[in-house]
1. Kindly state, as a whole number, the per residue volume in cubic angstrom of the convex hull around the alpha carbon atoms of the range 70-197.
2. Listed highest first by mean packing, meaning other Cβ atoms within 10 Å per residue, what order do 128-137, 40-49, 149-158 come in?
3. Tell me, what does the Kirkwood hydrodynamic radius of the range 123-166 come to in angstroms if you use every pair of distinct C-alpha atoms?
4. Quick one: compute the contact order of the range 30-101, relative version, from alpha carbon pairs under 8 angstrom and 6+ residues apart, as a percent.
5. When all protein chains stay in place, what accessible area (Å², nearest 10, 1.4 Å probe) is found for ARG148?
Amino acid sequence: MKIKRKLFAILAMVLCIGALAGCAKQEEEDVLDAQMAEAIVGSSETILENLAKEEDENVKIMIEQYEDDGNTTMANALETWLNTRPEVGEFVEFESSSAILKDRQYVAAVNAVFEKRPLEATIIYDKKGVIINMEFSPVYTVRENMGRAAVHTLIGMGTVFIVLIFISLIIGCFKYINQWEKKKAASPAPSPAPSFAPAPASEAAASPVEDLTDDLELVAVITAAIAASMNTSTDGLVVRSIKRKSGAKWKRA
C-alpha cells in the first residue's frame, strides 16, 4: 500500500489542475489564460522530474495497474518511457515549457536536458485535469539525424539491390531451363521391349502357300507324268491344284 501511494504521488498535482479547470473561465476560441497555463506547466514538470527519478520496477508496477484498469494508452506511454530512458540518461534540468488548449484538451510541451541528450515530453490532460496520454521524444543533433538518414538510405537501397540481383538470377536460370527442355524433347524415346512371337509349327504354316495351277506348262508336265505313271491317257485327268511341298526330295537332287 505504501508503494502504491508513492507511485500515485507522482500525479498528485493533477488534482490541482482539475480544481483550476473547474473554476477557470475559458473563451470559445480555446484560449488558455496565464494562470491555467502556469498550473499545467508546473504539474507537467513535476510529473516528468519524478518519473525520471523513479525506479524501473516501480514504473513497471504502474504499467500493470494501468493495464488492470484497462487504460492501455497510459500503459503504452510508460512503456515508451522505459525504452527511452536508457537513451537519454539521468535528468539534469528543464530548458523550456509551455501549455496550450487544443481540441478541448490541455497539451503541455516540456523540453528537458538529460545526461546523454535532450528530451521533448508532451503530456496531454482532459478538461478535468486527468492525464490521458504522454509522449517522449529524444532530441538528436543535425549530424545524428543525417547519420541515421544515411543508414536508413543504405539499408533501403541495399535491400532493393539484393532483390534486383535475386530477380536477375531467376531470369538468368530461364535460359538453362529452356535448353534442358529442348534437350529432353530431342532425346530418342526408349525402344519398347522386344516381344517374342511363338515359333511357327512348320515352314508351310509360316510362309504363304503358292498356288501353281495357273502355270499351264507345269500343269501339262505334271499331268503327263501322272498319266505315264498310271499307263493311261491324259484325257481323263484334271489337275485342280498344284502346291509346292517344302523339303521335297527333288529339291535336294
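1. Each residue corresponds to 293 Å³ of Cα convex hull volume.
2. Answer by packing, highest mean first, reads 40-49, 128-137, 149-158.
3. This gives a value of 13.9 Å.
4. Reported relative contact order: 53 percent.
5. Approximately 110 Å² for this residue.
The values are calculated or read from the model by the stated rules, or taken from the named source; none is laboratory data. Note that the structure is predicted; figures quoted are calculated from it, not measured. When we count neighbours, we look across all protein chains shown, and the Cβ atoms used for this are built from the backbone with ideal geometry, even at glycine. Side chains included, ligands, DNA and RNA excluded: accessible areas come from the protein's heavy atoms. Shrake-Rupley method; radii C 1.70, N 1.55, O 1.52, S 1.80 Å.
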